Each structure stands twice: as structure tokens, then as C-alpha cells.
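This report concerns only the one structure given below.
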Amino acid sequence: MNIPYQIIRAKRKTLQIRVDAHGEVIIRAPMRMPCKTIEHFVQQNAAWIEKNIAAQKERDARRYIPSEAEMQACKTTAAQVLPTLTEAWAQKMGVTYTDIKITSAVHRWGSCSGRNSICYSWRVMLLPAPLREYIVVHELCHIRQKNHSAAFYAEMGKWLPDYATRRKALRAFETAHPLG
């Protein structure tokens, strides 16, 4: 079986296989590793590679790509809804953020900077309301806890006792509706 792949050489000691979001195979290899060794490694892992290529292609086929009009509508709605929701929760939680931005991020729903500036992807508007609320509370909890430590999740539990259920629902949404 002939599997096309790209080799990226780097200062490393081990080989790594990655199948990206488009089903492309990327091999990371040590600088001086012989091509024969890499080819043998790929052949040994052919079943794993094929399985992951198929999974990525299936995911890619399910990927939701909104029209320009849908995207604009979500951006407009996000600019109205998310600051209001964030302000309500910030007051309830007793935290202060510095700014809110709406971005076009694809791989993250939101983020909170070290200076407490919050960014949300307009794609948050594609989520059901309880999951939007989860994203907002998650980012506001980062004002008190800058990482995903036990203290962070204790903070989440304080404000959203069902946060674990919502997080699980968010992961299920991401699997069922991959964004593009």
C-alpha cells in the first residue's frame, strides 16, 4: 500500500505520524534519519494511518461551512448577544474584563488574555444557548484562574454546577457539527 506523506525534519529523537484535518499525512522525523527507516515506519503503521485518513475525510464531509450571509448574521448577533451575556455573568461573578472582541477563530470558541481581554468566535452563535453560556462563564473563570487547573474547575463548578455536562455536550456538538 502506497501512502503519500510529507516529511518534516527537526531536532528530535523520535518519529511522529499526524493526519491533519484534510487527511494529509505528516511525518516528523529526526534530521538524519534515513528515508528507508521512515518508509518502514509508515508501512508498519499503515492500518492506523488509513483509519485516521478515513475518519478525517468523514469529518471533513460533515464540516459545516456557513454562507457569507449566515456568517455576517452570526457576527452581527454575536456583537450584540455576547457582550450582554458576558456583562451579566461578570457582574454575577464579581469579575472585571477589559475588552470583548468577536473574531473568526475556527479552532477555539473563546479565549481570555493575561490582561483579561476576552475574545469569542462568532461561531459561538451556532451553539445552543446553554453552551454559549458555558463558553462565557469558562472565559470569565479565566480571569481568576489563568489555566485549566483543579482550582479553575472548582471555580466553574461554583457558577455552573452542571459545567461537566455542558462541556460534554459541547464536545458532542463539535463532533456532530465540525466547523470550517
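The values are calculated or read from the model by the stated rules, or taken from the named source; none is laboratory data. Please read all numbers here as calculations on a predicted model, not as lab measurements. All Cβ positions, even for glycine, are placed from backbone atoms using ideal geometry, and neighbour counts span all protein chains on display. With ligands, DNA and RNA removed, areas are computed over all heavy atoms of the protein, side chains included. Shrake-Rupley method; radii C 1.70, N 1.55, O 1.52, S 1.80 Å.
When the scattering of the chain is computed by the Debye formula from its Cα atoms alone, each counted once and equally, what is log10 I(q)/I(0) at q = 0.14, 0.15 Å⁻¹? One equal scatterer on each Cα of the chain leads to -0.88, -0.93. Compactness of segment 7-90 is given as radius of gyration and Dmax, 21.1, 60 Å, from Cα positions.
Taking θ as phi - 60° and the Karplus parameters 6.51, -1.76 and 1.60, the scalar couplings of segment 40-55 work out to 4, 4, 4, 5, 4, 9, 4, 4, 4, 4, 4, 4, 6, 5, 4, 5 Hz in sequence order, x denoting glycine and proline.
Once backbone amide H atoms are built at 1.01 Å from N, Ile100 has Ile118 as its partners under 5 Å, excluding neighbours fewer than 5 places away on the same chain.
Reducing segment 1-58 and segment 80-117 to their Cα centroids gives an inter-centroid distance of 39 Å.
Within the straight-line cut-off of under 18 Å between alpha carbons, the aspartates and glutamates reachable from Lys92 are Glu133, Glu139, Glu155, Asp162, sequence neighbours fewer than 8 places apart in one chain being disregarded. Along the Cα-to-Cβ line of Ile7, 7 Å from the Cα, sits a label point; which residues in segment 45-66 have backbone N less than 19 Å from it? Of the residues in segment 45-66, 45-46, 49 have backbone N under 19 Å from the label point off Ile7. The calculated FRET efficiency for Ser113 paired with Arg28, based on their beta-carbon distance and R0 = 35 Å, is about 0.70. Normalised per residue, the accessible area of the chain is 59 Å², obtained with a 1.4 Å probe and no contribution from ligands, DNA or RNA. Shown is the FRET efficiency for Lys75 and Lys51, computed with R0 = 35 Å from the Cβ-Cβ distance and rounded to the nearest 0.05: 0.40. Extension gain, Glu58-Lys92: 0.36 nm per intervening residue step, less the Cα-Cα distance, totals 8.0 nm. Taking each of Lys57/Lys101; Lys51/Lys146; Lys36/Lys57; Lys11/Lys36; Lys146/Lys168; Lys57/Lys168 in turn, the alpha-carbon distance tops 25 angstrom for Lys57/Lys101; Lys51/Lys146; Lys36/Lys57.
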